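Note sheet for the following structure.
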Amino acid sequence: MPNQICCVCGKEGVKSIARRWFCAEHFESATHERPGSWRAILALVVVLIVFVGVVYGLDALIKPQFNPFTLMLVGVVLALVPAAIWLVFFYQQDRLEPEPAGYVLGVFALGALLAAAVGTPLLNNVFRVSHWLYADTLTTIVGSILVVGFTQEFLKYAAVRFSIYNSGEFDEPTDGIIYATAAGLGYATVLNVQFVIANGGVDLGAGVIAMAVVALAQASFAGITGYFLGRAKFGSNPIWWMPLGVTLAAVANGLFNWLRGLITHPAISLTGSAASPWLGLILAAVVAAGLMGLLVWLIRRNIKSALATQ
Amino acid sequence: MSTTIKTSRIVMPGDRFAGLSVLLLTLLALAAGWLLKTSVENRSQAFKSGTISAQAPAGWLSLQPVGNEVLHVTDRTSKGFGTTYLIQVEAVPADAQAGQVVSLVTLERGSALTGYRVLKQQEVLVQGRKAIEIDYVYVESASNLNHVVLPSVVRGLDYIFVNAGQAIIVSYRADQSVYDADLGRFQRFLVSVKN
């Protein structure tokens, strides 16, 4: 019978969880927290730290010069590596029924495409945010939420809602977070490539740290929307449910943008000293890491809830 | 080899309304953001020098006037060449014709600016006052030879008012890529100039 097929590998299913069948091997992996999964997560974080350290060291030692082609190449590589690491990190969280990698990569590409084709032109050419957004602190916070936050979060929402959301593969609330973080990482990749190109490859050491933080942050904001999307598909929710999710993501995005703005638009005092860019980066990293922790907790809670129904 | 069969879910009316409400909320947020942008860009600070007054953009960098300049402000957030507003005052003979002043200004610009070319010149009315409008381009290159950067093509617009032995020249200069986008703001500055 087709409904007694393992939803992960397609072999014969022996046990079911929340109306999904699993073979013995995948039932074991879905229902038991393996110590190896924590080691894998730790290894990913170590790989990211090593990558950042290597780029930081190479930049300090070599002080590389780039032509337009090599600059673009370096920008793409530096933007893709942190995105790939975070993508694997979030993908591993969905141990109940991992999503098809091709679908996840497709949503990643769609997030990147929407960023390049709509998000960046809208913010840079229509709203021209760099000309007015950093006029004062209140303008930065309000403008970052209303313009930057809503634009970016709506596009990430659209990347999931109007593609994979109606597919049969989107079959549990956790999938909302997995696909939305993929869209967020695609969006972040485009932002990071543009960051490297705009700086002409200068100060890549500090830049690669900021890029790793931006990738995590964009994934986490999208993950908030994804959580609401997942609940929206599998529950009966009021009409304000989805707008609330996108608003929360936009607010988090706006606050992050303000904190990150302390790096790119430091306040210069009359004495010539500037606010520490590291402080802004650390605060932004704390926001991103806090949201990531919240998402991991939500994913695990969803899985626990599904297991409780077996 | 067996395969997993999954079916697509039917889109419920509630889903459609959720999508519409998110779209509507985003449009409202962007409209509010546009109002915020406009209010920030319209912020100005009063400038006065002798009989000349104007409302210069707030937050722009005010540079020390050089030569016949009385106001020189530039937008520090511009990329490449910083969008600049200038007011210059030239003493001219009391019976000088506008055409003579325009020739003088064109000669001065031609010798001071690299690749200076006049695109268009015409007589216009600004708030009921007669003026000559000169639309031009030139090339701006970094003065520091060690600064490796391509020169910028700058587009400029001069309004020349001749009145009682003096010519007031109100100028707008911007990188050609942002010239059109910044022009509206300059028009508001232009009408604020009084003498």
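In the set (1) touching a Ser or Thr at 6+ places or on another chain (Cβ under 9 Å); (2) surrounded by fewer than 19 Cβ atoms within 10 Å (Cβ to Cβ); (3) among the small types (G, A, S); (4) farther than 16 Å from B:Q187 by Cα, B:G82 fails one condition alone, (2).
Would a scan of segment B:32-49 turn up a residue that is among the polar types (S, T, N, Q), closer than 13 Å to B:F189 by Cβ, touching a Phe, Trp or Tyr at 6+ places or on another chain (Cβ under 7 Å) and surrounded by fewer than 18 Cβ atoms within 10 Å (Cβ to Cβ)? Checked segment B:32-49: no residue is among the polar types (S, T, N, Q), closer than 13 Å to B:F189 by Cβ, touching a Phe, Trp or Tyr at 6+ places or on another chain (Cβ under 7 Å) and surrounded by fewer than 18 Cβ atoms within 10 Å (Cβ to Cβ). Per the listing B:R129, B:R76, the residue uniquely among the basic types (K, R) and more than 19 Å from the chain's Cα centre (by Cα) is B:R129. Restricting A:V213, A:V246 to residues that are within 22 Å of A:G290 (Cα to Cα) and either of a type in the set (D, E, K, R) or within 14 Å of chain B (Cβ to nearest Cβ) (or both) narrows the list to A:V246. Only residues that are exposed (fewer than 13 other Cβ atoms within 10 Å of the Cβ) and either at the interface with chain A (Cβ under 7 Å from one of its Cβ atoms) or in contact (Cβ under 8 Å) with a residue 40 or more places away in the chain (or both) were counted in segment B:18-30, giving 0.
On the given criteria, is A:F108 in contact with a Ser or Thr (Cβ under 7 Å, 6 or more places away or on another chain) and part of a helix (DSSP H, G or I)? So A:F108 does not fit the description; no. Put simply, of B:G128, B:G184 the only residue that is without any contact (Cβ under 8 Å) to a residue 40 or more places away in the chain, small (G, A, S), loosely packed, with under 15 Cβ neighbours inside 10 Å and at positive phi is B:G128.
Against the list (1) closer than 21 Å to A:Y56 by Cβ; (2) surrounded by fewer than 24 Cβ atoms within 10 Å (Cβ to Cβ), the condition A:A188 fails is (2).
Among the residues of segment A:128-145, those that are closer than 11 Å to B:V40 by Cβ and not charged (D, E, K, R) comprise A:V129, A:H131, A:W132, A:L133, A:Y134, A:A135, A:L138, A:T139, A:T140, A:V142, A:G143. The set of residues in segment A:157-170 being more than 7 Å from every other protein chain (Cβ to nearest Cβ) and more than 26 Å from B:A32 (Cα to Cα) consists of A:S163, A:I164, A:Y165, A:F170. For the residues B:T77, B:T51, B:T106, the requirement of being modelled with pLDDT of 90 or more and either more than 7 Å from every other protein chain (Cβ to nearest Cβ) or touching a Ser or Thr at 6+ places or on another chain (Cβ under 9 Å) (or both) singles out B:T106.
Residue-by-condition table, conditions (1) more than 14 Å from chain B (Cβ to nearest Cβ); (2) touching a helix residue (DSSP H, G or I) at 6+ places or on another chain (Cβ under 6 Å); (3) at pLDDT 95 or above:
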site: A:P82; (1), (2), (3): yes, yes, no
site: A:D94; (1), (2), (3): yes, yes, no
site: A:L110; (1), (2), (3): yes, yes, yes
site: A:L114; (1), (2), (3): no, yes, yes
site: A:V126; (1), (2), (3): no, no, no
site: A:L146; (1), (2), (3): no, yes, yes
site: A:L155; (1), (2), (3): no, yes, yes
site: A:E172; (1), (2), (3): no, no, no
site: A:V196; (1), (2), (3): yes, yes, no
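With respect to (1) more than 30 Å from B:W60 (Cβ to Cβ); (2) within 13 Å of chain B (Cβ to nearest Cβ); (3) modelled with pLDDT of 90 or more, the lone exception for A:I141 is condition (1).
Which residues, taken from segment B:2-17, are in a loop (DSSP other than H, G, I, E, B) and either at pLDDT 90 or above or more than 7 Å from chain A (Cβ to nearest Cβ) (or both)? Those that are in a loop (DSSP other than H, G, I, E, B) and either at pLDDT 90 or above or more than 7 Å from chain A (Cβ to nearest Cβ) (or both): B:I10, B:M12.
The values are calculated or read from the model by the stated rules, or taken from the named source; none is laboratory data. Just so you know, these numbers come straight off a predicted model, no measurement behind them. No Cβ is skipped: glycine too gets one built from the backbone with ideal geometry, and neighbour counts run over all protein chains shown.
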